[in-house]
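Student: This is the structure I want to talk about, given as structure tokens.
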Amino acid sequence: MVLPPLNLFEYEKQAQEHLDTAVWDHYQGGSDDEVTLRACRDAFAQVWLRPRALVDVSSCDLRTTVLGTPISVPVLVAPTGGQGLAHSEGELATVRGAGAAGTLMVVAMFSTRSLEEIAQQATGPRWLQLYVRSRAQTRHVVQRAQAAGYQALVLTVDSPRPARCERDWRNGFAGFPFGNYDEAEFIDPRATEGDKALIQDAVTWEMLDWLRSLTSLPIVLKGILTAEDARFALEHGVAGLIVSNHGGRRLDGSVPALMALPEVIEAVAGRCEVYLDGGIRRGTDVLKALALGARAVLVGRPVLWGLAVNGEQGVRHVLSILSQELETAMALAGCPGVKQIHSSLVRQRGTFGSREPASL
Ligand SMILES: Cc1cc2nc3c(=O)[nH]c(=O)nc-3n(C[C@H](O)[C@H](O)[C@H](O)COP(=O)(O)O)c2cc1C
Ligand SMILES: CC(C)CC(=O)C(=O)O
């Protein structure tokens, strides 16, 4: 008898049993030597919590807002393409699971179902993630997103080229159908072949201004890792930033998102919301990211594991495990609410001075 997973790592193990090797490797994999993929996780172990004692934590309030939208827990669903490979219902199951868990889904433009079908099944808020392929195609997708009630656009800016995801190459990963495209209508005249045709490599800050001129929807940039780009983004009127290295799937060797977070938070100085993704697997990870200044975090692969194991219920369960773990962690840390999570709750490894125990 297979026991229900207790935590996200148990979901990961069970998900592997449900997926073909090529799909499993596509979901799990990173680029090149997967140094950044591993570092995403390891970064959380470099940050220590400083719990406070004798605080009334008889009820811990996990609720917050993102761009003014209330959510019951500061954990969002990250955009991941190709969810139909995990479960026949794909993104439809995910959006229902996210709504049931009281949170927001960022729908990937490369979803296997159309953004309209996904919106119809949604019970909670959703944003749409965009890659720019051509201006005509982007304009059309933005209009469709607005008509379907998406509340923000998330422009992914870390992917001017496909990375070397060698697991996919070795397995001959066949890809997946795109729910949002009519190839004939939207093919970029500059496109060459394969992945390169998917995303334009000439997207610059000017393109962001053009995107803003198309829509009054708030724009969030995904894939920012430096204070310099955070400042540029603010000058170009973004509403939010996702500090992310794409879960280790783009520039290998790029800094783990958790380590990049402090400089971005400092540069932004409260002028827009900042979120983080990459390697979140435990409630304590969420707590650390929030203490370092993130308004909320996003989870990618764990949602795919939940989807593969048990469709909508699996997605809901993965999100509720994280939520329960966060609640426990907050109580043990003496934080009765998300608003009480401050930077004084964390300490970077190596900042213990002369009294640092040798075992650290
Ligand atoms: C299978 C897979 C597909 C993804 N597809 C997209 C995508 O289409 N657009 C995007 O911006 N990010 C995409 N991402 C990156 C995620 O949004 C997110 O940054 C990353 O998964 C976070 O790391 P985590 O998986 O450790 O939570 C994808 C990630 C995975 C694992
Ligand atoms: C189709 C891909 C470009 C989706 C993606 O962003 C990813 O797999 O990381």
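Student: With contacts defined as alpha carbon pairs under 8 Å and 6 or more residues apart, what's the relative contact order of the chain in percent?
Tutor: Worked out over the chain, it gives 27 percent.
Student: Using only the Cα atoms of the range 233-330, each taken as one equal point scatterer with no solvent, compute I(q) by the Debye sum, divide by I(0), and report log10 of the ratio at q = 0.11, 0.13 Å⁻¹.
Tutor: Once normalised to I(0) and log-transformed, intensities are -0.36, -0.50.
Student: Also: Once amide H atoms are built 1.01 Å from N in the peptide plane, which residues 5 or more positions from VAL274, or in another chain, come under 5 Å H to H?
Tutor: LEU241, ARG295
Student: Run lengths n ≥ 4 of DSSP H only: what is the helix-derived mean residue ellipticity at 222 nm for the chain, with -39500 (n - 2.57) per run over all residues, to the nearest 500?
Tutor: Rounded to the nearest 500, it is -12000 deg cm²/dmol.
Student: May I ask you to compute the full-extension gain from TRP48 to THR21, defined as 0.36 nm times their residue separation minus their alpha-carbon distance, rounded to one decimal in nm?
Tutor: So the extension gain works out to 6.1 nm.
Student: Can you work out ³J(HN,Hα) from phi for every residue in the range 135-141, in order, using Karplus 6.51 cos²θ - 1.76 cosθ + 1.60 and θ = phi - 60°, giving whole Hz and x for Gly and Pro?
Tutor: 5, 4, 5, 5, 4, 5, 5
Student: Follow-up. Would you mind ranking MET1, MET207 so that the residue whose beta carbon has the fewest other beta carbons within 10 Å leads the list?
Tutor: MET1, MET207
Student: If one computes P(r) from the Cα atoms of the chain, what percent of pairs lie at distances over 35 Å?
Tutor: Counting every Cα pair in the chain, those more than 35 Å apart make up 19 percent.
Student: Cut-off is 10 Å between beta-carbons; in what order do HIS236, HIS246 appear when sorted fewest neighbours first?
Tutor: HIS236, HIS246
Student: Let's see if you can work this out: charge +1 on each Lys and Arg Cβ, -1 on each Asp and Glu Cβ, no other charges. What is the dipole magnitude of the chain about its Cα centre, in debye to the nearest 20?
Tutor: 840 debye
Student: Hey, which aspartates and glutamates would be in cross-link range of LYS288, C-alpha to C-alpha under 15 Å, not counting anything within fewer than 8 residues on its own chain?
Tutor: Once the sequence-local aspartates and glutamates are set aside, what remains near LYS288 is ASP42, ASP277, GLU325, GLU327.
Student: What does the C-alpha gyration tensor say about the overall shape of the range 198-266? Classify as rounded when a/c is under 1.5, otherwise prolate if a/b is larger than b/c, or oblate. Please list the in-between numbers first.
Tutor: Working: a/c = 2.20, a/b = 1.39, b/c = 1.59.
Since a/c reaches 1.5 but b/c is at least a/b, the shape of the range 198-266 is classed as oblate.
Student: With N set to the number of residues, divide the alpha-carbon radius of gyration of the range 76-160 by 2.2 N^0.38 Å and report two decimals.
Tutor: Ratio of Rg to 2.2 N^0.38 Å for the range 76-160: 1.01.
Student: What length, rounded to one decimal in nm, is gained on full extension from GLN324 through to ALA227, with 0.36 nm per residue of separation minus their alpha-carbon distance?
Tutor: Fully extending the segment from GLN324 to ALA227 adds 31.6 nm.
Student: Once you have the Cα-Cα distance between ALA147 and ASP56, take 0.36 nm times their residue separation minus that, and quote the gain in nm to one decimal.
Tutor: This chain segment gains 28.2 nm when fully extended.
Just so you know, all these numbers are worked out from the coordinates, no wet-lab data involved. All of these numbers come straight from a predicted model, not from anything done at the bench. Virtual Cβ from ideal backbone geometry, glycine too; neighbours counted across all protein chains shown.
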